[in-house]
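Data first, discussion second: the structure below is written as structure tokens.
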């Protein structure tokens, strides 16, 4: 049987790299291989896989930055080049470990969601909402920013305030990027996402 190649690209400019993780299950696939993160010619961080078994899983990359106590702010530029238009991607923050963090996702159709993962259990904080300040479509960068002060998180898209929420679960931690490969057309259509700082 001929193997289908699939590409997933995430790009981010950083000085120090941290660890990469996933919740990929090996029950229906070969043993998971290590996810490779390499700088491209532009100094951007790139993630690539040709393994179709990466479908129906989430992948995240935690920056090797100081553990902030308390958290302050984090921002990235994110762009989807191809993949399912409603497939979420974005940032994680307040990262304690692989099982505990906040997650802010956006889609190409202009929606966003905030959730938290506590002891591997996901809880939605802000359900999918239309973003007033998100640009839509493929190949368009959106600047995603979250700030924290005394229990209040503020969300900004493209330097404009979007929403806020209050939560005290994680007041300190690290930051990173997040991607889910749940595309309905995968593996016929590759997932290609870029991040830059």
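Just give me the residues in the range 67-91 being under 18 Å from residue 131 (Cβ atoms) and part of a strand (DSSP E or B), in sequence order. Within the range 67-91, 74, 75, 76, 77, 78, 79, 80, 89, 90, 91 qualify. Taking the condition at pLDDT 80 or above, surrounded by fewer than 18 Cβ atoms within 10 Å (Cβ to Cβ) and under 21 Å from residue 120 (Cβ atoms), does residue 67 pass? Taking the combined requirement at face value, the residue satisfies it. When the range 108-135 is filtered for residues that are assigned to a loop (DSSP other than H, G, I, E, B), buried (at least 17 other Cβ atoms within 10 Å of the Cβ), on the phi < 0 side of the Ramachandran plot and at pLDDT 95 or above, the ones remaining, listed by number, are 131, 133, 134. Yes or no: residue 55 modelled with pLDDT under 90, touching a strand residue (DSSP E or B) at 6+ places or on another chain (Cβ under 6 Å) and over 17 Å from residue 177 (Cα atoms)? For residue 55, the condition - modelled with pLDDT under 90, touching a strand residue (DSSP E or B) at 6+ places or on another chain (Cβ under 6 Å) and over 17 Å from residue 177 (Cα atoms) - is met.
Picking from residues in the range 80-97 that are over 11 Å from the mean Cα position of the chain (by Cα) and under 18 Å from residue 138 (Cβ atoms), the one that is surrounded by the fewest Cβ atoms within 10 Å (Cβ to Cβ) is 86. Take the conditions at pLDDT 70 or above and surrounded by 18 or more Cβ atoms within 10 Å (Cβ to Cβ) and apply them to residue 47. Does it pass? In short, no. For the range 136-157, residues that are on the phi < 0 side of the Ramachandran plot and assigned to a loop (DSSP other than H, G, I, E, B) total 4. Only residues that are loosely packed, with under 14 Cβ neighbours inside 10 Å and under 24 Å from residue 84 (Cβ atoms) were counted across the range 136-165, and they come to 4.
The values are calculated or read from the model by the stated rules, or taken from the named source; none is laboratory data. Here the structure is a predicted model, which means the values were calculated and not measured. Glycine gets a Cβ as well: all are built from the backbone with ideal geometry, and neighbour counts include every protein chain shown.
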